[in-house]
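Asker: Starting off with a structure, shown below.
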Amino acid sequence: MINFLKKIFAFFNQKNNIMIAYKLLHDVLLLLLLSFVAILIAEGALPGLVSSHISLVRLVIIILVVLGIIIFIGKNFQISYEKPNIKKSRLLPALVLFAFLLIGNSLLKFAFWENLIITLLTLFLFFLFYQIIFSSENK
């Protein structure tokens, strides 16, 4: 076991190997985020089916650990990126309708008026986040 750890530390002592790991962690993060979105959509479509078999908390913790490692390596090697230019999309109404249906479906155990209030408040918060993101683009 100690020899194995020494080999791992020797591998990561070289800058090229750390950069390869950094780039691979980006790919791992993308795959984790895509699987997280797919699991959330499945959970929204069929509430309780996925969460009874897969712990979403573990997946979130893994995503945060991978993101933390990426940030740590990026800060040590002074890697920075330009702020992306976010453009408004024509898909927003379709995404809002899809989100409304998923949120409403996941709250079927509530009464209709409770479900409607929670869904509308959630969509209102999404709208506020959308405005915050795109208001900084105009300044």
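The values are calculated or read from the model by the stated rules, or taken from the named source; none is laboratory data. What you are looking at is a predicted structure, and each value in this text was computed from that prediction instead of being measured. Every residue, glycine as well, gets a Cβ built from its backbone with ideal geometry; the counts of neighbours run over all protein chains shown.
Asker: Take the residues in the stretch 75-104 that are polar (S, T, N, Q) and modelled with pLDDT under 75; name whichever of them is farthest from Met19 (Cα to Cα).
Answerer: Per the criteria, the residue is Ser89.
Asker: Please name all residue pairs, on different chains or six or more residues apart, with Cβ atoms under 8 Å, provided the first residue is in the stretch 93-117 and is part of a loop (DSSP other than H, G, I, E, B) and the second residue is loosely packed, with under 13 Cβ neighbours inside 10 Å.
Answerer: Leu107/Glu114
Asker: Further question: Just checking, how many residues over the stretch 36-55 are surrounded by 13 or more Cβ atoms within 10 Å (Cβ to Cβ) and farther than 18 Å from Leu107 by Cα?
Answerer: Qualifying residue count, the stretch 36-55: 2.
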